[in-house]
1. Look through region 43-77, keep the residues that are among the acidic types (Asp, Glu) and in a loop (DSSP other than H, G, I, E, B), and return whichever of them is surrounded by the most Cβ atoms within 10 Å (Cβ to Cβ).
2. Scan region 251-268 residue by residue and report those that are over 13 Å from Ile318 (Cα atoms) and under 22 Å from the mean Cα position of the chain (by Cα).
3. Test Ala154 against the stated conditions and say whether it is among the small types (Gly, Ala, Ser), in contact with a Leu (Cβ under 8 Å, 6 or more places away or on another chain) and buried (at least 23 other Cβ atoms within 10 Å of the Cβ).
4. Looking only at residues in region 288-309 that are of a type in the set (Gly, Ala, Ser) and in contact (Cβ under 8 Å) with a residue 40 or more places away in the chain, which one is farthest from Glu48 (Cα to Cα)?
5. Collect the residues in region 269-303 that are among the basic types (Lys, Arg) and more than 18 Å from the chain's Cα centre (by Cα), keeping them in residue-number order.
6. Of everything in region 218-250, what is buried (at least 21 other Cβ atoms within 10 Å of the Cβ) and more than 19 Å from the chain's Cα centre (by Cα)? Give them in sequence order.
7. Taking region 93-131 as the search range and keeping residues that are surrounded by fewer than 19 Cβ atoms within 10 Å (Cβ to Cβ) and small (Gly, Ala, Ser), which one is farthest from the chain's Cα centre (by Cα)?
8. Is it the case that Gly285 is part of a strand (DSSP E or B), crowded, with 24+ Cβ neighbours inside 10 Å and either in contact (Cβ under 8 Å) with a residue 24 or more places away in the chain or assigned by TED's automatic domain parsing to the domain that holds Asp96 (or both)?
Amino acid sequence: MRARLRIFAPLAMVVALTAACGESGSSGSDDGGSSGGSASGEACAPVEGDQLVVLEDDEELQNADNVIPAVNAAASAASPALLPALNAVSAALTTDDLVELNAAVDVERQSAEEVAQAWVEESGVTDGLEQGSGAVVVGGSNFTESTVLATIYADVLSAAGFDATVQEVGNRELYLQALESGQIQVFPEYLSTLTEFLEDDAESEIASGDVDATLAALQPLAEANGLVVGEPSEAADQNAFAVTQAFADELGVTTLSELADACGDGSLVLGGPAECPERPFCQPGLEETYGLEFDSFRELDAGGPLTKAALQQGEISIGLVFSSDGALAQD
């Protein structure tokens, strides 16, 4: 199970993704029940198309869930070359890379080992690495992205002189205990998810869409739990909103702010999980942060095949996906 703390709770991952939006709003139904009001135009009605594209969250509605190495503090202190090798991965890894890596495994059916090795070779991240030694166990969860990232970490650490292996682990509660105790030494984590998990206060949220501020909040929490964290990569796996490429091209939009400017007639149809109309990082957040207005909401799934199919078939204008979904790979 993919134990990722998304916007409202830790959820499981199915195939390559899973989780949902944020808190407050109206309800939806499977047949596209209205979330309030009716369309006054058709400017932003759904446009079918096979290729999906994520609109940039330029006002940082979503928390920053950038990939970040989490390392056992004692192991890091004993092996000064360990963290710099992982930071080399962070410096090179992008969200587009994550999309392509996930697609290579989930769509093209390549092995995680082959895909990770190819990325390491092509990225050049092993050039000039400080050399270390000793055994290092890299943990990975049992979903595609985590397995690929763990294998990339292990390959890079091997190039840096370590005897690195990958071990599949359980949920976050279990693997963080193993990481803190030194049973495993390294894990590819997600910035905001790890921050909120370690902070462990349901009444407050210290993570945000600001990478630097969230990292500053995470570092003392990590230290208190016997961990150190490396540099966050540009690569992020977080809630995102997609449209078809045809829809984006027709309106000339690449960001959610541009979508709001183009879609003032209330003709947008939103699709996502049942919780979306009531969660602050989904429909209410889109309305409050961007001023978006919706004709209706269609209850589908959390970034899964139903939402993507509804976008491609022109049943919804915009839908909740995850930013590193392999389905976003460009043909």
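The values are calculated or read from the model by the stated rules, or taken from the named source; none is laboratory data. Just so you know, these numbers come straight off a predicted model, no measurement behind them. So basically every Cβ, Gly included, is an ideal-geometry build from the backbone, and we count neighbours across all protein chains shown.
1. Only one residue tops the list, namely Asp65.
2. Passing the criteria: only Ser257.
3. no
4. Pass one, region 288-309, residues of a type in the set (Gly, Ala, Ser): 291, 296, 302-304, 309.
With in contact (Cβ under 8 Å) with a residue 40 or more places away in the chain added as a condition, the list becomes 296, 302-304.
On the way: Ser296: 17, Ala302: 20, Gly303: 17, Gly304: 17 Å.
Ranking the candidates gives Ala302 first.
5. Within region 269-303, just Arg298 meets the criteria.
6. Those that are buried (at least 21 other Cβ atoms within 10 Å of the Cβ) and more than 19 Å from the chain's Cα centre (by Cα): Ala222, Leu227, Thr244, Phe247, Ala248.
7. Result: Gly128.
8. No.
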